[in-house]
Protein chains: 2
Amino acid sequence: MLTENIEKLNKLDSKLSAVFYTQSLLEWDAETIASIGGVEERAIVAGKISEIYFNTFINTDVENLLEELNERKAELDEITKAKVSIYKRKFDNIAKIPVKDYSDYQVLISKSYSAWEKAKNEEDFSIFAPFLEKIIIYQKKFIKLRGKSGHPYNTILDDFEPGITVEILDEFFDKLRDSIVPLVQKVCDKQSKDIDFINQKFDIAKQAEFSEYIIPKLGFDNSRGMMTTSVHPFTLNLSRNDVRITTHFQENNITESIFTTIHETGHAMYEQNISEKYGLSALTTGVSMGIHESQSRLYENNLGRNINFWNFNLPILKHLYEKELKDVSIGKWYAAVNHVKRSLIRIEADEVTYPLHIMVRYEIEKKIFSEDIDVNELPSIWNDLYEEYLGIRPKNDAEGILQDVHWSGGDFGYFPSYALGSAYAAQFEKTMRKKMDIDKDLNNLEMDEIKEWLKENIHKYGSSKMPSEIIKDATGEKFNSDYYIEYLYNKYDN
Amino acid sequence: MLTENIEKLNKLDSKLSAVFYTQSLLEWDAETIASIGGVEERAIVAGKISEIYFNTFINTDVENLLEELNERKAELDEITKAKVSIYKRKFDNIAKIPVKDYSDYQVLISKSYSAWEKAKNEEDFSIFAPFLEKIIIYQKKFIKLRGKSGHPYNTILDDFEPGITVEILDEFFDKLRDSIVPLVQKVCDKQSKDIDFINQKFDIAKQAEFSEYIIPKLGFDNSRGMMTTSVHPFTLNLSRNDVRITTHFQENNITESIFTTIHETGHAMYEQNISEKYGLSALTTGVSMGIHESQSRLYENNLGRNINFWNFNLPILKHLYEKELKDVSIGKWYAAVNHVKRSLIRIEADEVTYPLHIMVRYEIEKKIFSEDIDVNELPSIWNDLYEEYLGIRPKNDAEGILQDVHWSGGDFGYFPSYALGSAYAAQFEKTMRKKMDIDKDLNNLEMDEIKEWLKENIHKYGSSKMPSEIIKDATGEKFNSDYYIEYLYNKYDN
């Protein structure tokens, strides 16, 4: 009976993972090469496939299967136990949502991306507003149906970062704000202003060459993934053996593509290094957005903006751009790639102001899910918060509330994980430094030791361990944001 | 009851079409950008999705639904009637195959592509042979299970070209051989040999520029499709609003990419111009491979190798390659792009020898499905037939039996449709010439009249009319291969 049930669970896992694989592929396709003209049919397909996923998963048979297995948890092997946990979580998250709502919502989502894109291009929030309004209505309905106690926003925060609540985030962000706001002021006053060279004209083919050079050096396995371009860079894993990253190139900016590529490579390393023992399974993906961002931001910032990394790589970059980077010393380069600036666009923000961008989004999302807000008021709320936290005000909605894709995909509760990820990264780095000489490794671009530690302590587990367990087991203590503040002060307050 | 059943059929159509859409996308992805490393997981996914397709479709409810609707066919609207026909056909084709076999076969297919690719690259048939053997065993088993009377090969011929049989093809090919073999000899004796300029070095970026220039000129709608590259060019329709073509570029050959692009554009025009009234449906795709090839080959040969087409386009091409094409007159160019040569590679063959390449494959497939053949003997059978029909013998299997991808996908019965397509094209052209001045249109690259006729008489029907009906309604008579022979003699025997 138990053996039979385990067999049933594995079959279900395999089938749902296959359907999810096609959903991921639809998303990949839509965001890279799909025709504008095909949006209607794509939306229908997305709806139907969601329906198939839903109907395969949400039924009494599966409910009973998960219950029965859960009752005999003690007798299960580690992998099965982890599968039961993750599917019970997933089941509880959607079981109470009617299938019609679930699939209508998927259709809405697959259409609203185009609306958001159009709105952003035309700097006109009103094109996106009706979609956003409907998405919020659905999300609120789903939260209510899921029926969890506590702050309504907690329900969706937990989807992206299990265990994280408004209470934890309020404390985290309050502490961050108190230490970052004065730090920003201090850094801005004294830092070098010699950064204009970043914005010369840099041949895009050579930028691509540098990106292609750096990703395998960082540990990316080109035979189990690939890189291409998209308007909004992202990483997508079809399987651990097919992990795709996108980057983007700007002719008048040399750093944008470099750090985007390194960031996405960090995500990709996580996915590629999950243990193969899980096969094609719900366990074979990063466990949470926070842990995922800890990897991308660790690579981008803690490693990629470290001076030793550039001791090795700046000569290579200078070789590509002999004329443009002729007079750029390592000191000048390091200062430029770590320049702190109060700016409007999150993805272009430096490490220090970055959490302030997240706080704006956090405050708005918290408001959306605890009050009745007219979506048309959101742009001015956004602009006011930017003025309050960063001291600058967007001139239009494209550089304001329309800058991020997330809400068009219904991804509320996602943003805080970026800030959490940066904080986790600092805690991981602190631990790693006790075991290895990171600076020396970077100085020689010897990434094996770093890669191995991340793989053994984080990556290989996929979704089989919860974020809090990963942090505890990897660093010996629970999440502690002091390391993040310490990291920022050590690096910027000197 | 009838209304309910129609509703049920539409829901089924929509769901199966959505699943098929994801299968097409998996195929697109595999043949364009997917990682080599991901082949195992892709195969599992392909198997699972096939299982979903099969289980959704092949069950007693659907069988009864189709029966009930079929009994009241007279009361149905045109679209529903066509859907009933097409789904009854599809149902009968797979209903007798056990689901396990069906999905195991899909897994096999999705793996054998890589094996074929490897075999071709390494010029080693033995790498592909075990896969081919298994595919043939499955195919023979399926043919038996489907239980149709007549020659076993007929069952799968009918899958690609409904209504076509070994008896029809034997007659068609006999007649063709009798007229083509002497024609090849005649042309080879007297034609100009001044074609070496084709194989200079031609900058690939400029070749891409010409391809991008020509596809919208031919009528391709760039907002409802796109073009990229792949090793083996093909056209794939996710929907009528997302039709994708691939081409390939060879630096030392100026004509290869041009005619590949025009050929695939012909396929794409068919898909893009299907009436939108069918929505996302099994009706929204070309009805058969023969009709499809009639469109691609009409564009490639009847239009694209017409001298008037080049009166307009050669100056544009010469502008791109001022140095390389300096001394190339229209006469010299026309002779070169219509040069006849006994060669080994089907896709590089000229119009006149092309059907001989098809006959080789036809003879082998007929043999495979009527005798017990050891797959290891196939390469020498292949080589012998090339010697017999074309007077030349492949030096290795890469330029012999491994040249085509089709068998690795289980697509036996497909090849004859290429020859049929060319013959249909000649019959269509003959009719079109009674209604319009094709040469004048081409001379001005005015494609609207041509596009409109093809749309109104062929494209718009999608799969709602059988190939024989399309030919009859469009040309006023049934398929007659004399037009093809007449076309070839008119063009080449002068």
**Prompt:** Which is within 14 Å of another protein chain (Cβ to nearest Cβ) and not charged (D, E, K, R), of B:Tyr87, B:Tyr21, B:Tyr105, B:Tyr113?
**Reply:** B:Tyr21
**Request:** Among the residues of region A:420-448, count how many are part of a loop (DSSP other than H, G, I, E, B) and without any contact (Cβ under 8 Å) to a residue 60 or more places away in the chain.
**Result:** 3
**Message:** Filter region B:139-150 down to the residues that are in a helix (DSSP H, G or I) and farther than 12 Å from B:Trp407 by Cβ and list them by number.
**Reply:** B:Lys140, B:Lys141, B:Phe142, B:Ile143, B:Lys144, B:Leu145, B:Arg146
**Message:** Any residue at all in region B:269-280 that's touching a Pro at 6+ places or on another chain (Cβ under 8 Å) and closer than 30 Å to B:Leu16 by Cβ?
**Reply:** no
**Complete:** Exactly one of A:Lys120, A:Lys100 is closer than 27 Å to A:Lys11 by Cβ and of a type in the set (Lys, Arg), and that residue is A:Lys100
**Test: residue in region B:295-304 that is within 14 Å of chain A (Cβ to nearest Cβ) and more than 29 Å from B:Asp196 (Cβ to Cβ)** = no
**Asked** In region A:458-474, is there at least one residue being in contact with a Lys or Arg (Cβ under 7 Å, 6 or more places away or on another chain), outside any loop (DSSP other than H, G, I, E, B), under 30 Å from A:Asp13 (Cβ atoms) and among the β-branched types (Val, Ile, Thr)?
**Response** yes
**Item:** Subset of region B:476-494 (residues that are within 17 Å of B:Thr353 (Cβ to Cβ) and acidic (Asp, Glu))
**Value:** B:Asp493
**Request:** Scan region B:209-218 and give yes if some residue there is under 20 Å from B:Phe312 (Cα atoms), over 13 Å from the mean Cα position of the chain (by Cα) and either without any contact (Cβ under 8 Å) to a residue 40 or more places away in the chain or assigned by TED's automatic domain parsing to the domain that holds B:Thr22 (or both), otherwise no.
**Result:** yes
**Request:** Those residues that are surrounded by 12 or more Cβ atoms within 10 Å (Cβ to Cβ) and part of a helix (DSSP H, G or I), I need them from region B:68-82; list them, please.
**Result:** B:Glu68, B:Leu69, B:Asn70, B:Ile79, B:Thr80, B:Lys81, B:Ala82
**Asked** Here are A:Lys48, A:Lys11, A:Lys15: which of them is within 21 Å of B:Asp242 (Cα to Cα), in a helix (DSSP H, G or I), within 11 Å of another protein chain (Cβ to nearest Cβ) and not small (Gly, Ala, Ser)?
**Response** A:Lys48
**Request:** Taking only region B:159-203 into account, find how many residues are within 24 Å of B:Arg361 (Cα to Cα), in contact (Cβ under 8 Å) with a residue 40 or more places away in the chain, part of a helix (DSSP H, G or I) and of a type in the set (D, E, K, R).
**Result:** 3
**Asked** For region B:313-417, which helices (runs of 4 or more DSSP H) that fit wholly inside it have 2 or more residues that are surrounded by fewer than 16 Cβ atoms within 10 Å (Cβ to Cβ)?
**Response** B:330-337, B:378-390
**Prompt:** With respect to A:Ile291, is the statement that it is at pLDDT 95 or above and assigned to a helix (DSSP H, G or I) true?
**Reply:** yes
**Residues being buried (at least 21 other Cβ atoms within 10 Å of the Cβ), more than 14 Å from chain A (Cβ to nearest Cβ) and of a type in the set (Asp, Glu) - total across region B:226-255** = 0
**Request:** Quick one: count up the residues across region A:158-178 that are under 16 Å from A:Ile471 (Cα atoms) and loosely packed, with under 14 Cβ neighbours inside 10 Å.
**Result:** 0
**Request:** Restricting attention to region B:147-187, report how many residues are over 30 Å from B:Lys341 (Cα atoms) and aromatic (Phe, Trp, Tyr).
**Result:** 1
**Prompt:** Got a number for residues in region A:24-39 being facing chain B (nearest Cβ under 7 Å) and among the acidic types (Asp, Glu)?
**Reply:** 1
**Message:** Tell me whether region B:195-209 contains one or more residues that are within 14 Å of chain A (Cβ to nearest Cβ), crowded, with 16+ Cβ neighbours inside 10 Å and aromatic (Phe, Trp, Tyr).
**Reply:** no
**Asked** When B:Gln106 is evaluated against the numbered criteria (1) of a type outside the set (A, V, I, L, M, F, W, C); (2) at pLDDT below 95; (3) surrounded by fewer than 16 Cβ atoms within 10 Å (Cβ to Cβ), which criterion, by number, is the only one it fails?
**Response** (3)
**Asked** Do we find a residue being closer than 19 Å to B:Gly413 by Cα, among the charged types (D, E, K, R) and over 20 Å from the mean Cα position of the chain (by Cα) anywhere in region B:182-204?
**Response** no
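The values are calculated or read from the model by the stated rules, or taken from the named source; none is laboratory data. Bear in mind that the values here come from a model prediction, so they are computed numbers and not experimental data. Don't worry about glycine lacking a Cβ; one is built from the backbone with ideal geometry, like all the others, and counts go over all protein chains shown.
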